[in-house]
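Structure first, then comments.
The values are calculated or read from the model by the stated rules, or taken from the named source; none is laboratory data. Quick caveat, the model's predicted, so the values are computed rather than measured. Here the Cβ positions follow ideal geometry from the backbone for every residue, glycine too, while neighbour counts run over all protein chains shown.
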Amino acid sequence: MNLEELRKLREKGQREMMQRSDTSKYRIVVGMGTSGIAAGAREVLKAFIDEINTRGIKDVIVMQTGEKGFSSREPVVEVFEEGSEPVLYGNIDPEKAKRIVEEHIGKGNIIKDYQIIVGK
Amino acid sequence: MMNIYTYYILLNIDDVTLAEGVKEFEEIFKKKLADSEAKGKVKVLETGTPGIKGAGISMIVYPGNVHYAHLSVSDIDEIIEEHLVKGRVVSRLTIEPVAERLESSGLNPQDIKLQDRIVLSESGVIDPENITEYFAVQGYEAIGSILENKLPDIDVIEIIKNSGLKGRGGAGFPTGIKWDFTRKAAAEKKFIICNADEGEPGTFKDRLILEGNPHLVIEGMLIAGYAVGASEGYIYIRGEYDLSIRRMEKALAQAYEYNLLGKNLFGSGFSFDIKIKKGAGAYVCGEETALIESMEGKRGNPRLKPPFPGTHGLWGYPTIINNVETLANIAPIILHGAAWFRSFGTEKCPGTKVFTILGDVRYTGVVELPMGITLREIIYGFGGGIKENRSFKAVHLGGSAGAVFDESILDVPLDYDTVKEHGGMLGSGAVLVLSNTVNMRDYLENVLLFFKHESCGKCVPCRVGTARLLDMSKELIASKDKDTILSAMDKLSETMFKTSFCPLGQSLKFPVQSINRYFHDEI
């Protein structure tokens, strides 16, 4: 390993993270820290994947990440869309996950009732 | 006795408002206030981190959380006469508070700034189980540039010293100075230990880092190892942190795969290995020498200091023990420089602090904020205020061994030094909020029960003292002479402070004496 290789790996990593949103319009990221998993993040992740498969949506990718710190509002899910501000949702359960797929991913409507607003 | 104020005013002082003449405004405001009927009833406090931005001279009035913005000297009379004397909000000058704006739109109040994150910047953003995503955020480039550019170890330590980074585990000892002691110690072997035995009740900040960005901790350990001349590292993770352990194991395997751990890293001849050691759940093992004993396979009792672990640590070799959060700051400092780090936080305590907020607040969780933030901003901003229409009573700051304060602490800019000046400690950054439903004697008993349980029993003052204090807290229930018991508790905890072997027994005076100081009357 040297710095040059590391820089190439960085570019590769950035490209991969970019490409995900190039080929797929939406990226759903589920917080899978201890608090998230305890609050049911695994079921939520599964619900997202199931619902996306059921509906046959192709331009979405579902991923996992760690915890942001919103422990009392886990499971926390973030939806990224190319060219838009990411949308953060809290207290998500499998039913709400299905609704996010239907409304947000399907129709492009942000579901304000589930949203967590963070300061900029 | 503390003066009882009717109103608290937070005046936003930052470079923008200073340019707009906020100091002059403040002076005239205070002068006019002193001449008005509201004299002595209003406390004006300066706050450095504005809740309002781009709104000229602005202030927040509590109670009511009224935000005034775009103020000029000509507005002062009206605010004092109408609001502070007569209690009528001057609506032509108000803007909607952040929380109100969000609540009226049916959303949750939240006023945190994610861009001020250093150690948690990627937690909850990248996939912690995929090293490529850590590469994408310049992962391992800090250690890479040190090794390829052959930066001398002393220069690395100089950068850390200049950054002003203090240990985030609790004691707040300058990290660069600690490293330098070990660098200078001549020995055939040296060790780096990452203290991930996060056991402070109500604290789980390290867990977020370990779970959310494990490679950041590994890179911090590599840099520490290079700087002090160590080639072996251990991560002492508390056994209950199952996910942290699994993620860290995965991260270590990936780092070995890319030869970012192991022999001859970056072709420099520097080698470094890291192993995980699971803790077994003893509070005292968060103390560095007890942790070392435990790692050596012995009972987790603290050792006599000096000699300090920096020169005589694991198996007697010089050993650096740093907290997870401390190590997570290292790579960003190397990448962006000491001056960048100093742009966060306060003069004496640069950088950020990760706070765990819990108790009777609407939203519990973990938040990283610059040093110098106030508890009011943490509790009423991130925490969303007190839950279920209760009111604020107390805050237990810094973990169980910290002090319990009343509302007088709320507007103090927090860093290691200011909290110490107020008779407490910032510790692990736990912010435990207690509402008016909590009985302070019950709370004290609860804290003491914890310490009695966790006292290792090695030294008499702590072993007997914790048990005796617990008994006394129970005697308070039926006693007619509470003053005598409370002053005896003060005295005993002071004796324990002077004579106990390790910080566990020494620090009991903080909760005991502060509860007596602030809540004497209700016990």
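Numbers for the structure displayed
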{"read-out": "Odd one out for B:GLY365, checked against (1) without any contact (Cβ under 8 Å) to a residue 40 or more places away in the chain; (2) touching a Leu at 6+ places or on another chain (Cβ under 6 Å)", "value": "(2)"}
{"read-out": "Identity of the residue in region B:200-213, part of a loop (DSSP other than H, G, I, E, B) and surrounded by 19 or more Cβ atoms within 10 Å (Cβ to Cβ), that ends up nearest to the chain's Cα centre (by Cα)", "value": "B:THR203"}
{"read-out": "Meets criteria (part of a helix (DSSP H, G or I), within 14 Å of chain A (Cβ to nearest Cβ), buried (at least 18 other Cβ atoms within 10 Å of the Cβ) and within 26 Å of the chain's Cα centre (by Cα)) for B:ILE292", "value": "no"}
{"read-out": "Matching residues, region A:26-55, being part of a loop (DSSP other than H, G, I, E, B) and under 13 Å from the mean Cα position of the chain (by Cα)", "value": "A:MET32"}
{"read-out": "Any hit, region B:324-332, residues being at pLDDT 95 or above, outside the structural domain of B:LYS393 (by TED's automatic domain parsing) and over 17 Å from B:ILE223 (Cα atoms)", "value": "no"}
{"read-out": "Test: residue in region A:56-64 that is hydrophobic (A, V, I, L, M, F, W, C), facing another protein chain (nearest Cβ under 8 Å), part of a strand (DSSP E or B) and crowded, with 17+ Cβ neighbours inside 10 Å", "value": "yes"}
{"read-out": "Residue satisfying all of: in region B:214-243; within 13 Å of chain A (Cβ to nearest Cβ) and of a type in the set (Asp, Glu); surrounded by the fewest Cβ atoms within 10 Å (Cβ to Cβ) among these", "value": "B:ASP242"}
{"read-out": "Filter result for B:TYR283 (crowded, with 16+ Cβ neighbours inside 10 Å, out of contact with any helix residue (DSSP H, G or I) (no Cβ under 6 Å at 6 or more places or on another chain), of a type in the set (Phe, Trp, Tyr) and closer than 20 Å to B:GLY170 by Cβ)", "value": "no"}
{"read-out": "Residue list for region B:186-199, filter: buried (at least 24 other Cβ atoms within 10 Å of the Cβ) and over 18 Å from B:LEU261 (Cα atoms)", "value": "B:ASN195, B:ALA196, B:ASP197, B:GLU198"}
{"read-out": "Qualifying position, being exposed (fewer than 15 other Cβ atoms within 10 Å of the Cβ) and either assigned by TED's automatic domain parsing to the domain that holds B:ASP406 or at pLDDT below 85 (or both), among B:THR6, B:THR49, B:THR17", "value": "B:THR6"}
{"read-out": "All helices (runs of 4 or more DSSP H) inside region B:406-517 with 1 or more residues being more than 27 Å from B:GLY372 (Cβ to Cβ) and in contact with a strand residue (DSSP E or B) (Cβ under 9 Å, 6 or more places away or on another chain)", "value": "B:440-454"}
{"read-out": "Matching residues in region B:130-164 - criterion: being crowded, with 23+ Cβ neighbours inside 10 Å and touching a Pro at 6+ places or on another chain (Cβ under 9 Å)", "value": "B:TYR134, B:ILE160, B:SER163"}
